[in-house]
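Reading through the structure tokens given below for one structure.
The values are calculated or read from the model by the stated rules, or taken from the named source; none is laboratory data. Keep in mind that what you see is a predicted model, and the values were worked out from it rather than measured. Don't worry about glycine lacking a Cβ; one is built from the backbone with ideal geometry, like all the others, and counts go over all protein chains shown. Accessible surface is based on the protein model in full, side chains and every heavy atom, while ligands, DNA and RNA are left aside. Shrake-Rupley method; radii C 1.70, N 1.55, O 1.52, S 1.80 Å.
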Amino acid sequence: MKKFVMAALGGTLAGAIATTQVAGPLLAQENSANAGVYQQLDLFGDIFERIRSQYVEEVEPSELIEAAIDGMLTSLDPHSSYLSPDDAAAMQVQTRGEFGGLGIEVTQEEGFIKVVSPIDGTPAAEAGIEAGDFITHVDGDSMLGFTLDEAVDRMRGPVGSEIIITVVREGEAEPFDVPIVRDTIELQAVRARTQGETVVLRITTFNDKTTPNLISKLNEEVETLGGMDNVNGFVLDLRNNPGGLLTQAIRVSDAFLEKGEIVSTRGRELVDGDRFNATPGDLAEGKPIVVLINGGSASASEIVAGALQDHRRAIVVGTKSFGKGSVQTVMPLRGEGAMRLTTARYYTPSGRSIQSLGVSPNIVVEQPRRSPTTEEEDEPASAVGQRSEADLRGSLNNDSLSEDEIRQIEEDREKAEAAAALREEDYQLAYAIDILKGLNALGPEN
């Protein structure tokens, strides 16, 4: 018994010694790290005072503090930043679907301002700004060295005023200037139209209006075609859609999915992760869907495309998307400002992260660049001298068809010619519609 007690005491003593030997250095390291942080804060205070008292011009102390905060955040990644009270208010207006500016979504890449996408129907889109363009100068001033927020501030201004931006574009030998007149941007989140028997739904952004607009526009177009039985499918056009609210991306995905995971988010800690699942109900009632994406499709657009692709609910067509796979949380701060901080990465239902990789389409279809045309453009060779059996003198009539059958053939020919015309206007969209036609042609007979 004495031996047992002594062994126990010996174990306790050894444990206490081991704890002192391990915990002691760790505690010292932590104290040393804290001391280093406090020394750097003291250094910041010294620099702040030197600038305030000795800089060649008088500076506003609050602006120095805001610049320091913004510099700390922008050093993390291109999407984290400080929002001044004015910027925070502008962001709230933007998520409601109306704001002032050029109508252009930008990011920062290796110090340069890069266009994610122009927004449909805005001054930037009408001026010909394209996804992937680099903005090097604003009104002749170089943007190199500016933070993203500073560059955006330079592009803002009174409605009706003109701004000249200098653009570097892949495929163009020299930079070129683009004049744009600033305007109030009223986002129409969803635009819809029918193309033959196909309903085309163009989603331009993900704000508070997106899902309600999607539902109403889809129902209107289906009703125009005389009901869902007359619809051969849907095209969900997400090209040049820079994203927006995560909640709206989830709701749009849910609108076309009956069940399963839509997206998951993972933060630094396990408890910060979350999963979002679809609820029963398919707005398209099982009709086939083609999703169009390109290099200007980012963030929320990629969540929708990835979810529908992973669940094999849609065929994704176009070119690789932008590759923004992170989630930003806007956190209110004292003084009515806010902090936009990257807090998580998101993953598609199959567990893929699209960060820097993007969503790869099932079928890669490039959009041909429009070439300049002249008023005296030559007639296509296919249309010159083209003849058929019906043009030959004395050809036999086709007496095996009724008038109704002949009328149906002519209507089908007109639809085919309209599809050919659409290829000249929007090749990717025409390709998507052809896919839906093919899927319906292979469907079961009624």
* Structure fact -> Of (1) open to solvent by 40 Å² or more (accessible area, probe 1.4 Å); (2) part of a loop (DSSP other than H, G, I, E, B); (3) closer than 30 Å to Asp208 by Cβ, Glu58 satisfies every one except (3)
* Would you please list the contacts, defined by Cβ atoms under 7 Å and residues six or more apart or on different chains, that run from a residue in the range 335-363 that is within 30 Å of Asp87 (Cα to Cα) and among the basic types (Lys, Arg) to a residue that is part of a loop (DSSP other than H, G, I, E, B) and open to solvent by 50 Å² or more (accessible area, probe 1.4 Å)? => Arg345/Gln355
* When the range 68-104 is examined, which residues are found to be under 26 Å from Ser356 (Cβ atoms) and modelled with pLDDT under 80? -> Met91, Gln94, Thr95
* To do: For Pro332, state whether it is at pLDDT below 95 and more than 26 Å from Pro118 (Cα to Cα).
  => yes
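Could you tell me which of the residues Asn219, Asn240 is at pLDDT 95 or above, within 28 Å of Leu422 (Cα to Cα), open to solvent by 10 Å² or more (accessible area, probe 1.4 Å) and not aliphatic (A, V, I, L, M)?
Checking each option against the conditions leaves just Asn219.
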* Do you know which of the residues in the range 156-174 that are over 22 Å from Asp86 (Cβ atoms) and part of a loop (DSSP other than H, G, I, E, B) is least open to solvent (accessible area, probe 1.4 Å)? -> Arg169
* Asked: In the list Ser382, Ser371, Ser388, which residue meets the criterion of being within 28 Å of Ile129 (Cα to Cα), modelled with pLDDT under 90 and loosely packed, with under 10 Cβ neighbours inside 10 Å?
  -> Ser371
* Structure fact -> From the option list Gly128, Gly160, Gly140, Gly145, single residue qualifying as without any contact (Cβ under 8 Å) to a residue 60 or more places away in the chain, touching a Pro at 6+ places or on another chain (Cβ under 9 Å) and on the phi > 0 side of the Ramachandran plot is Gly128
* Asked: Where in the range 62-152 are there strands (runs of 3 or more DSSP E), lying fully within it, with 1 or more residues that are among the polar types (S, T, N, Q), closer than 30 Å to Ile293 by Cα and touching a helix residue (DSSP H, G or I) at 6+ places or on another chain (Cβ under 7 Å)?
  -> 81-83, 104-109
* Asked: What pairs can you find where one residue is in the range 107-122 and without any contact (Cβ under 8 Å) to a residue 40 or more places away in the chain, the other is among the hydroxyl-bearing types (Ser, Thr, Tyr), and their Cβ atoms are less than 6 Å apart, with a gap of 6+ or different chains?
  -> Lys114/Thr107
* Asked: Can you tell me which residues in the range 216-245 are outside any loop (DSSP other than H, G, I, E, B), in contact (Cβ under 8 Å) with a residue 40 or more places away in the chain and either of a type in the set (Val, Ile, Thr) or under 15 Å from Ala189 (Cβ atoms) (or both)?
  -> Leu218, Val235, Leu236, Asp237, Gly244
* **Members of the range 188-208 that are outside any strand (DSSP E or B), open to solvent by less than 20 Å² (accessible area, probe 1.4 Å) and out of contact with any helix residue (DSSP H, G or I) (no Cβ under 6 Å at 6 or more places or on another chain)** => Thr204, Thr205
* Asked: Going through the range 105-115 one residue at a time, which ones are under 23 Å from Arg191 (Cβ atoms) and modelled with pLDDT under 85?
  -> Glu105
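From Val304, Val291, which residue is in contact with a Pro (Cβ under 9 Å, 6 or more places away or on another chain), within 27 Å of Arg369 (Cβ to Cβ) and at pLDDT 95 or above?
Exactly one of Val304, Val291 is in contact with a Pro (Cβ under 9 Å, 6 or more places away or on another chain), within 27 Å of Arg369 (Cβ to Cβ) and at pLDDT 95 or above, namely Val291.
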* Asked: Within the range 176-187, is there a residue that is open to solvent by 60 Å² or more (accessible area, probe 1.4 Å) and in a loop (DSSP other than H, G, I, E, B)?
  -> no
